[in-house]
Amino acid sequence: MLSLLCLMLFVARVFSSSTLAGIFPQDPALRMGSSLTATCTVSPERGLHANTMYWTLNGKRLPSSTYDLLSPNCLSVTLHHLNGSQQQSGDNLVCHSGDGHVLAGSCLYVGMPPEKPVNLTCWSRNTKDLSCKWTPGGRGETFIKTKYTLKYKLRWYGRERECEDYSTGQRYTCYIPRDLALFTPYEIWVEASNQLGTATSDVITLDILDVVTTDPPDNVHVSRVGELEDQLTVRWGSPPALKDFLFQAKYQIRYRLEDSTEWKVVDDVGNQTSCRLAGLRAGTVYFVQVRCNPVGIYGSRKAGIWSDWSHPSAASTPHSERLQSGSCEPKPGEQNSTLRRELKQFFGWVRKHAYGCSGMSIKLYDQWRVWLQKSHKTRNQVGKNNIPFISVTTQSWYITVKPMLCTTRLL
(Lines give C-alpha, C1' and ligand atoms only; values in the text may rest on other atoms or scores of the structure.)
Protein backbone atom coordinates (compact mmCIF):
# COMPACT_ATOMS: atom_id res chain seq x y z
CA MET A 1 0.00 0.00 0.00
CA LEU A 2 2.85 2.33 0.89
CA SER A 3 4.63 1.46 -2.36
CA LEU A 4 1.47 2.22 -4.33
CA LEU A 5 1.14 5.57 -2.55
CA CYS A 6 4.77 6.45 -3.32
CA LEU A 7 4.22 5.43 -6.93
CA MET A 8 1.13 7.64 -7.20
CA LEU A 9 3.01 10.58 -5.72
CA PHE A 10 5.89 9.97 -8.12
CA VAL A 11 3.57 9.80 -11.13
CA ALA A 12 1.87 13.00 -10.03
CA ARG A 13 5.27 14.71 -9.72
CA VAL A 14 6.41 13.39 -13.10
CA PHE A 15 3.38 14.50 -14.99
CA SER A 16 3.09 17.83 -13.18
CA SER A 17 6.63 18.65 -14.39
CA SER A 18 5.64 17.87 -18.03
CA THR A 19 7.87 14.76 -18.15
CA LEU A 20 6.49 12.13 -20.48
CA ALA A 21 8.09 9.11 -18.68
CA GLY A 22 9.86 8.34 -15.41
CA ILE A 23 11.33 5.55 -13.28
CA PHE A 24 10.68 5.00 -9.62
CA PRO A 25 12.74 4.77 -7.43
CA GLN A 26 15.18 7.21 -8.94
CA ASP A 27 18.92 6.53 -8.33
CA PRO A 28 18.53 4.26 -5.27
CA ALA A 29 21.41 3.06 -3.07
CA LEU A 30 21.12 -0.63 -2.21
CA ARG A 31 23.11 -3.21 -0.28
CA MET A 32 24.60 -6.11 -2.18
CA GLY A 33 22.31 -9.13 -2.21
CA SER A 34 19.12 -7.08 -1.88
CA SER A 35 16.17 -6.99 -4.31
CA LEU A 36 14.62 -4.09 -6.21
CA THR A 37 11.32 -3.51 -7.97
CA ALA A 38 11.36 -0.50 -10.30
CA THR A 39 8.47 0.93 -12.29
CA CYS A 40 8.48 2.81 -15.57
CA THR A 41 5.43 5.04 -16.07
CA VAL A 42 4.66 6.85 -19.33
CA SER A 43 2.23 9.68 -19.96
CA PRO A 44 -0.89 8.81 -21.94
CA GLU A 45 0.20 11.59 -24.27
CA ARG A 46 2.93 9.28 -25.59
CA GLY A 47 0.32 6.90 -26.97
CA LEU A 48 2.42 3.91 -25.80
CA HIS A 49 1.14 0.76 -24.19
CA ALA A 50 3.27 -0.65 -21.38
CA ASN A 51 3.23 -4.16 -22.82
CA THR A 52 5.38 -2.92 -25.72
CA MET A 53 8.12 -1.58 -23.45
CA TYR A 54 11.23 -3.39 -22.15
CA TRP A 55 14.10 -2.90 -19.66
CA THR A 56 17.91 -2.95 -19.94
CA LEU A 57 20.61 -3.00 -17.25
CA ASN A 58 24.01 -1.67 -18.33
CA GLY A 59 22.92 -2.09 -21.97
CA LYS A 60 21.81 -5.73 -21.58
CA ARG A 61 18.14 -6.49 -22.12
CA LEU A 62 16.41 -8.01 -19.10
CA PRO A 63 14.20 -11.08 -19.60
CA SER A 64 10.46 -10.46 -19.84
CA SER A 65 9.92 -12.95 -17.00
CA THR A 66 11.11 -10.24 -14.62
CA TYR A 67 8.42 -7.77 -15.85
CA ASP A 68 5.01 -7.08 -14.39
CA LEU A 69 2.35 -5.07 -16.24
CA LEU A 70 0.80 -2.81 -13.61
CA SER A 71 -1.37 -0.73 -15.95
CA PRO A 72 -1.57 0.24 -19.62
CA ASN A 73 0.96 2.98 -18.84
CA CYS A 74 3.16 1.31 -16.18
CA LEU A 75 5.63 -1.57 -16.45
CA SER A 76 7.71 -2.84 -13.54
CA VAL A 77 10.83 -5.00 -13.32
CA THR A 78 12.07 -6.98 -10.31
CA LEU A 79 15.78 -7.74 -9.73
CA HIS A 80 16.90 -10.21 -7.08
CA HIS A 81 20.25 -10.74 -5.33
CA LEU A 82 21.89 -7.67 -6.76
CA ASN A 83 25.66 -7.73 -7.25
CA GLY A 84 27.94 -4.80 -6.55
CA SER A 85 27.85 -2.00 -9.09
CA GLN A 86 30.21 -2.50 -12.00
CA GLN A 87 31.24 1.15 -11.80
CA GLN A 88 31.27 3.65 -8.95
CA SER A 89 29.06 6.01 -10.93
CA GLY A 90 26.26 3.41 -10.69
CA ASP A 91 24.62 0.81 -12.92
CA ASN A 92 22.30 2.08 -15.62
CA LEU A 93 18.71 0.80 -15.45
CA VAL A 94 16.81 2.03 -18.55
CA CYS A 95 13.22 1.76 -19.77
CA HIS A 96 12.72 1.58 -23.57
CA SER A 97 9.83 1.85 -25.97
CA GLY A 98 9.18 -1.03 -28.32
CA ASP A 99 11.21 0.60 -31.10
CA GLY A 100 14.25 0.96 -28.82
CA HIS A 101 13.95 4.61 -27.88
CA VAL A 102 14.98 5.51 -24.32
CA LEU A 103 12.00 6.55 -22.23
CA ALA A 104 13.66 7.02 -18.82
CA GLY A 105 16.69 5.92 -16.80
CA SER A 106 17.89 5.46 -13.25
CA CYS A 107 21.28 4.78 -11.66
CA LEU A 108 21.52 1.89 -9.22
CA TYR A 109 24.20 2.20 -6.53
CA VAL A 110 24.69 -1.33 -5.22
CA GLY A 111 27.43 -1.91 -2.71
CA MET A 112 28.34 -2.02 0.96
CA PRO A 113 28.76 0.59 3.69
CA PRO A 114 32.41 1.33 4.48
CA GLU A 115 34.24 -0.45 7.27
CA LYS A 116 36.51 1.25 9.81
CA PRO A 117 39.74 2.51 8.15
CA VAL A 118 42.90 0.94 9.61
CA ASN A 119 46.70 1.35 9.64
CA LEU A 120 46.64 5.12 9.98
CA THR A 121 50.23 6.42 10.04
CA CYS A 122 51.69 9.91 9.68
CA TRP A 123 55.10 11.48 9.11
CA SER A 124 56.56 14.98 8.93
CA ARG A 125 59.31 15.98 6.52
CA ASN A 126 61.76 18.19 8.38
CA THR A 127 59.01 19.26 10.88
CA LYS A 128 57.48 21.54 8.22
CA ASP A 129 54.41 19.53 7.18
CA LEU A 130 52.45 16.35 7.87
CA SER A 131 51.43 13.50 5.58
CA CYS A 132 49.13 10.64 6.58
CA LYS A 133 48.07 7.42 4.90
CA TRP A 134 45.63 4.66 5.80
CA THR A 135 44.05 1.46 4.53
CA PRO A 136 40.32 0.93 3.91
CA GLY A 137 38.76 -1.48 6.37
CA GLY A 138 37.78 -5.04 5.50
CA ARG A 139 38.38 -5.97 1.89
CA GLY A 140 38.38 -2.29 0.97
CA GLU A 141 35.85 -2.68 -1.86
CA THR A 142 32.47 -1.03 -1.35
CA PHE A 143 31.52 -1.03 -5.07
CA ILE A 144 30.17 2.50 -4.79
CA LYS A 145 31.90 5.82 -4.37
CA THR A 146 33.24 6.18 -0.84
CA LYS A 147 34.69 9.42 0.52
CA TYR A 148 37.58 9.39 2.99
CA THR A 149 38.21 12.49 5.13
CA LEU A 150 41.28 12.96 7.33
CA LYS A 151 40.49 15.06 10.41
CA TYR A 152 42.78 16.41 13.11
CA LYS A 153 42.88 18.75 16.09
CA LEU A 154 45.14 19.70 18.96
CA ARG A 155 44.62 17.23 21.76
CA TRP A 156 43.61 19.57 24.58
CA TYR A 157 42.26 22.55 22.71
CA GLY A 158 41.59 23.83 19.23
CA ARG A 159 38.85 23.16 16.75
CA GLU A 160 38.47 20.15 14.49
CA ARG A 161 40.00 20.63 11.06
CA GLU A 162 39.96 18.67 7.81
CA CYS A 163 42.89 17.83 5.57
CA GLU A 164 42.26 19.25 2.10
CA ASP A 165 45.08 18.04 -0.15
CA TYR A 166 44.45 14.50 -1.41
CA SER A 167 46.34 15.05 -4.68
CA THR A 168 49.59 13.38 -3.63
CA GLY A 169 49.41 10.74 -6.35
CA GLN A 170 48.74 7.93 -3.85
CA ARG A 171 45.34 6.64 -2.81
CA TYR A 172 44.26 6.99 0.80
CA THR A 173 46.84 9.70 1.52
CA CYS A 174 46.44 13.32 2.56
CA TYR A 175 48.93 16.17 2.94
CA ILE A 176 48.86 19.05 5.45
CA PRO A 177 51.40 21.62 4.20
CA ARG A 178 51.56 24.22 6.97
CA ASP A 179 50.29 25.73 10.22
CA LEU A 180 51.35 22.87 12.48
CA ALA A 181 52.29 23.26 16.14
CA LEU A 182 55.38 21.68 17.71
CA PHE A 183 55.65 20.32 21.27
CA THR A 184 51.86 19.78 21.34
CA PRO A 185 50.18 16.44 20.53
CA TYR A 186 47.58 16.10 17.80
CA GLU A 187 44.61 13.75 17.57
CA ILE A 188 44.14 12.41 14.05
CA TRP A 189 41.52 10.09 12.54
CA VAL A 190 39.83 9.18 9.25
CA GLU A 191 36.12 9.10 8.43
CA ALA A 192 34.75 7.00 5.56
CA SER A 193 31.26 7.61 4.15
CA ASN A 194 29.06 6.63 1.23
CA GLN A 195 25.35 6.42 0.50
CA LEU A 196 25.00 3.35 2.69
CA GLY A 197 26.74 4.47 5.87
CA THR A 198 29.81 5.87 7.64
CA ALA A 199 32.74 4.49 9.64
CA THR A 200 35.51 6.12 11.68
CA SER A 201 39.05 4.89 12.31
CA ASP A 202 40.71 4.71 15.70
CA VAL A 203 42.13 8.04 16.84
CA ILE A 204 45.93 8.25 16.94
CA THR A 205 47.82 10.77 19.07
CA LEU A 206 51.22 12.06 18.00
CA ASP A 207 53.68 14.90 18.39
CA ILE A 208 55.16 16.22 15.14
CA LEU A 209 58.68 15.86 16.56
CA ASP A 210 58.12 12.12 17.08
CA VAL A 211 57.38 11.39 13.42
CA VAL A 212 60.06 13.40 11.64
CA THR A 213 61.76 12.09 8.54
CA THR A 214 64.14 14.00 6.32
CA ASP A 215 65.66 14.19 2.88
CA PRO A 216 68.18 11.52 1.92
CA PRO A 217 71.84 12.29 2.72
CA ASP A 218 73.51 14.34 0.01
CA ASN A 219 76.98 14.30 -1.55
CA VAL A 220 77.33 10.53 -1.32
CA HIS A 221 80.77 9.56 -2.63
CA VAL A 222 82.23 6.09 -3.07
CA SER A 223 85.96 5.65 -3.64
CA ARG A 224 88.70 3.05 -3.59
CA VAL A 225 90.96 2.44 -0.60
CA GLY A 226 94.30 2.68 -2.33
CA GLU A 227 95.06 -0.60 -4.10
CA LEU A 228 93.04 -2.77 -1.72
CA GLU A 229 91.07 -4.99 -4.01
CA ASP A 230 88.23 -5.85 -1.61
CA GLN A 231 87.36 -2.48 -0.04
CA LEU A 232 85.55 0.78 -0.80
CA THR A 233 85.04 3.90 1.30
CA VAL A 234 81.64 5.63 1.44
CA ARG A 235 81.26 9.27 2.57
CA TRP A 236 78.18 11.46 2.74
CA GLY A 237 76.79 14.71 4.15
CA SER A 238 74.24 15.23 6.92
CA PRO A 239 70.70 16.28 5.87
CA PRO A 240 70.98 20.06 5.27
CA ALA A 241 67.34 20.72 6.21
CA LEU A 242 68.02 19.66 9.81
CA LYS A 243 71.29 21.51 10.35
CA ASP A 244 69.69 23.87 12.88
CA PHE A 245 67.98 21.12 14.90
CA LEU A 246 69.35 19.33 17.94
CA PHE A 247 69.35 15.65 17.04
CA GLN A 248 71.57 12.62 16.55
CA ALA A 249 71.25 10.97 13.18
CA LYS A 250 71.48 7.25 12.45
CA TYR A 251 72.51 6.03 9.04
CA GLN A 252 72.16 2.86 7.01
CA ILE A 253 74.07 1.82 3.92
CA ARG A 254 73.08 -0.67 1.30
CA TYR A 255 75.11 -1.84 -1.68
CA ARG A 256 74.84 -4.26 -4.58
CA LEU A 257 76.78 -5.59 -7.53
CA GLU A 258 76.29 -3.82 -10.83
CA ASP A 259 74.58 -6.86 -12.38
CA SER A 260 72.48 -7.75 -9.32
CA THR A 261 69.18 -6.55 -7.87
CA GLU A 262 69.90 -7.90 -4.38
CA TRP A 263 70.97 -5.29 -1.84
CA LYS A 264 73.09 -5.98 1.23
CA VAL A 265 72.41 -3.66 4.17
CA VAL A 266 74.87 -2.34 6.77
CA ASP A 267 72.61 -1.56 9.73
CA ASP A 268 74.70 -0.18 12.55
CA VAL A 269 76.70 2.63 10.97
CA GLY A 270 75.67 4.91 13.85
CA ASN A 271 75.99 8.67 13.44
CA GLN A 272 79.21 8.58 11.41
CA THR A 273 79.24 10.14 7.95
CA SER A 274 81.69 7.64 6.48
CA CYS A 275 82.08 3.89 6.38
CA ARG A 276 84.42 1.36 4.83
CA LEU A 277 82.99 -1.68 3.05
CA ALA A 278 85.20 -4.78 3.05
CA GLY A 279 85.00 -8.34 1.77
CA LEU A 280 84.05 -7.12 -1.72
CA ARG A 281 84.86 -8.74 -5.05
CA ALA A 282 87.93 -7.52 -6.85
CA GLY A 283 87.48 -5.71 -10.17
CA THR A 284 83.75 -5.22 -9.63
CA VAL A 285 81.43 -2.20 -9.88
CA TYR A 286 79.27 -1.58 -6.78
CA PHE A 287 76.26 0.69 -6.38
CA VAL A 288 75.82 2.26 -2.95
CA GLN A 289 72.96 4.17 -1.26
CA VAL A 290 72.61 5.83 2.14
CA ARG A 291 69.58 6.86 4.21
CA CYS A 292 69.09 8.78 7.44
CA ASN A 293 66.96 8.49 10.57
CA PRO A 294 66.82 11.77 12.56
CA VAL A 295 66.67 10.40 16.10
CA GLY A 296 65.89 12.48 19.17
CA ILE A 297 64.96 15.85 17.67
CA TYR A 298 64.68 18.31 20.57
CA GLY A 299 64.76 15.41 23.02
CA SER A 300 62.09 13.20 21.41
CA ARG A 301 62.36 9.60 22.64
CA LYS A 302 60.72 8.05 19.58
CA ALA A 303 62.68 5.96 17.11
CA GLY A 304 62.24 8.34 14.18
CA ILE A 305 61.43 7.46 10.57
CA TRP A 306 63.94 6.47 7.90
CA SER A 307 64.34 8.78 4.93
CA ASP A 308 64.24 7.58 1.35
CA TRP A 309 67.47 6.12 -0.01
CA SER A 310 69.89 8.50 -1.67
CA HIS A 311 70.51 8.35 -5.40
CA PRO A 312 72.87 5.47 -6.20
CA SER A 313 76.60 6.22 -6.34
CA ALA A 314 79.03 3.80 -7.94
CA ALA A 315 82.70 2.83 -7.84
CA SER A 316 84.75 -0.22 -8.75
CA THR A 317 87.25 -2.20 -6.71
CA PRO A 318 90.77 -2.71 -8.14
CA HIS A 319 91.49 -5.85 -10.13
CA SER A 320 93.14 -8.67 -8.21
CA GLU A 321 96.68 -9.53 -9.27
CA ARG A 322 96.13 -13.06 -7.98
CA LEU A 323 93.01 -13.47 -10.12
CA GLN A 324 94.85 -12.11 -13.15
CA SER A 325 97.58 -14.70 -12.64
CA GLY A 326 95.11 -17.48 -13.36
CA SER A 327 93.48 -18.43 -10.07
CA CYS A 328 89.70 -18.88 -9.88
CA GLU A 329 87.46 -16.17 -8.48
CA PRO A 330 86.48 -17.23 -4.93
CA LYS A 331 82.89 -17.87 -3.98
CA PRO A 332 81.28 -15.65 -1.28
CA GLY A 333 81.88 -18.26 1.44
CA GLU A 334 85.50 -18.58 0.36
CA GLN A 335 85.86 -14.79 0.53
CA ASN A 336 84.70 -14.86 4.14
CA SER A 337 87.17 -17.60 5.01
CA THR A 338 90.00 -15.77 3.25
CA LEU A 339 89.33 -12.54 5.14
CA ARG A 340 89.15 -14.41 8.46
CA ARG A 341 92.45 -16.17 7.73
CA GLU A 342 94.19 -12.97 6.70
CA LEU A 343 92.95 -11.10 9.77
CA LYS A 344 94.17 -13.96 11.96
CA GLN A 345 97.59 -13.65 10.34
CA PHE A 346 97.55 -9.89 10.86
CA PHE A 347 96.67 -10.12 14.54
CA GLY A 348 99.41 -12.70 14.99
CA TRP A 349 101.83 -10.26 13.39
CA VAL A 350 100.61 -7.49 15.72
CA ARG A 351 101.12 -9.68 18.82
CA LYS A 352 104.62 -10.56 17.66
CA HIS A 353 105.80 -7.09 16.72
CA ALA A 354 103.64 -4.52 18.62
CA TYR A 355 103.66 -3.35 22.21
CA GLY A 356 102.57 -0.28 24.19
CA CYS A 357 99.51 0.89 22.16
CA SER A 358 97.98 4.40 21.92
CA GLY A 359 96.89 6.62 19.06
CA MET A 360 95.25 5.19 15.95
CA SER A 361 95.85 4.78 12.25
CA ILE A 362 94.55 2.35 9.70
CA LYS A 363 97.31 3.06 7.21
CA LEU A 364 99.56 0.29 8.45
CA TYR A 365 96.77 -2.26 8.10
CA ASP A 366 96.17 -1.05 4.56
CA GLN A 367 99.87 -1.37 3.79
CA TRP A 368 99.93 -4.87 5.27
CA ARG A 369 96.89 -5.91 3.18
CA VAL A 370 98.52 -4.62 -0.02
CA TRP A 371 101.71 -6.45 0.91
CA LEU A 372 99.74 -9.63 1.63
CA GLN A 373 97.96 -9.44 -1.73
CA LYS A 374 101.12 -8.83 -3.73
CA SER A 375 103.68 -11.01 -2.00
CA HIS A 376 103.69 -14.03 0.27
CA LYS A 377 107.46 -14.51 0.20
CA THR A 378 108.85 -11.40 1.87
CA ARG A 379 108.50 -10.28 5.48
CA ASN A 380 107.55 -6.68 5.98
CA GLN A 381 110.01 -4.84 8.27
CA VAL A 382 108.39 -1.87 9.91
CA GLY A 383 109.69 0.77 12.32
CA LYS A 384 107.49 2.53 14.86
CA ASN A 385 103.93 2.78 13.58
CA ASN A 386 100.34 3.01 14.77
CA ILE A 387 98.48 -0.30 14.56
CA PRO A 388 94.64 -0.28 14.42
CA PHE A 389 92.34 -2.63 16.26
CA ILE A 390 89.89 -3.98 13.68
CA SER A 391 86.45 -5.50 14.25
CA VAL A 392 84.82 -7.24 11.30
CA THR A 393 81.37 -8.73 10.75
CA THR A 394 81.08 -11.66 8.37
CA GLN A 395 77.71 -10.90 6.78
CA SER A 396 77.84 -7.20 5.87
CA TRP A 397 81.58 -6.58 5.67
CA TYR A 398 82.75 -3.28 7.09
CA ILE A 399 85.56 -2.18 9.38
CA THR A 400 85.43 -0.06 12.52
CA VAL A 401 88.62 1.22 14.06
CA LYS A 402 89.37 1.68 17.78
CA PRO A 403 92.47 3.66 18.83
CA MET A 404 95.60 1.94 20.15
CA LEU A 405 99.12 3.31 20.43
CA CYS A 406 101.37 0.61 19.08
CA THR A 407 105.09 0.32 18.42
CA THR A 408 106.73 -2.53 16.59
CA ARG A 409 109.95 -4.42 17.12
CA LEU A 410 112.20 -4.81 14.10
CA LEU A 411 112.92 -8.33 12.99
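The values are calculated or read from the model by the stated rules, or taken from the named source; none is laboratory data. What you see is a predicted model, and the numbers here were worked out from it, not measured in a lab. Every residue, glycine as well, gets a Cβ built from its backbone with ideal geometry; the counts of neighbours run over all protein chains shown. Just so you know, the surface numbers come from the protein's heavy atoms only, side chains and all, with ligands and any DNA or RNA stripped out. Shrake-Rupley method; radii C 1.70, N 1.55, O 1.52, S 1.80 Å.
Summary table
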{"read-out": "Among Val288, Gly237, Gln248 the positive-end extreme of the charge dipole of segment 218-316 (Cβ point charges)", "value": "Gln248"}
{"read-out": "Apportionment of accessible area to carbon and sulfur, segment 21-111, percent (1.4 Å)", "value": "50 percent"}
{"read-out": "Accessible area of segment 218-316 belonging to carbon and sulfur atoms, whole % at 1.4 Å probe", "value": "43 percent"}
{"read-out": "Cross-link reach list, aspartates and glutamates versus Lys60, counting only Cα pairs under 16 Å and skipping chain neighbours closer than eight places", "value": "Asp91, Asp99"}
{"read-out": "Percentage relative contact order, segment 37-160, counting C-alpha pairs under 8 Å, at least six apart", "value": "20 percent"}
{"read-out": "Net charge of neighbours whose Cβ lies under 14 Å from the Cβ of Ser316, counting Lys and Arg as +1 and Asp and Glu as -1", "value": "-2"}
{"read-out": "Separation of the Val203 and Arg301 label points, Cα + 7 Å toward Cβ, nm", "value": "2.3 nm"}
{"read-out": "By average C-beta atoms within 10 angstrom, highest first, the peptides 184-196, 259-271", "value": "184-196, 259-271"}
{"read-out": "Size of electric dipole in segment 48-156: Cβ of Lys, Arg +1 and of Asp, Glu -1, about Cα centre, debye, nearest 20", "value": "980 debye"}
{"read-out": "Surrounding net charge for Thr56, when Lys and Arg each add one and Asp and Glu each subtract one, Cβ distance under 15 Å", "value": "0"}
{"read-out": "Of Lys153/Lys250; Lys116/Lys302; Lys128/Lys151, those spanning more than 23 Å from alpha-carbon to alpha-carbon", "value": "Lys153/Lys250; Lys116/Lys302"}
{"read-out": "Shape metrics for segment 21-111, restricted to C-alpha atoms - Rg then Dmax, Å", "value": "12.6, 37"}
{"read-out": "Mean accessible surface per residue for segment 21-111, computed with a 1.4 Å probe while every protein chain stays in place, in Å²", "value": "49 Å²"}
{"read-out": "For peptides 121-131, 83-93, sequence by mean Cβ density within 10 Å, most packed first", "value": "121-131, 83-93"}
{"read-out": "Selected from Gly59, Ala38, Gly111, residue furthest toward positive end of dipole (segment 21-111; charges at beta carbon)", "value": "Gly111"}
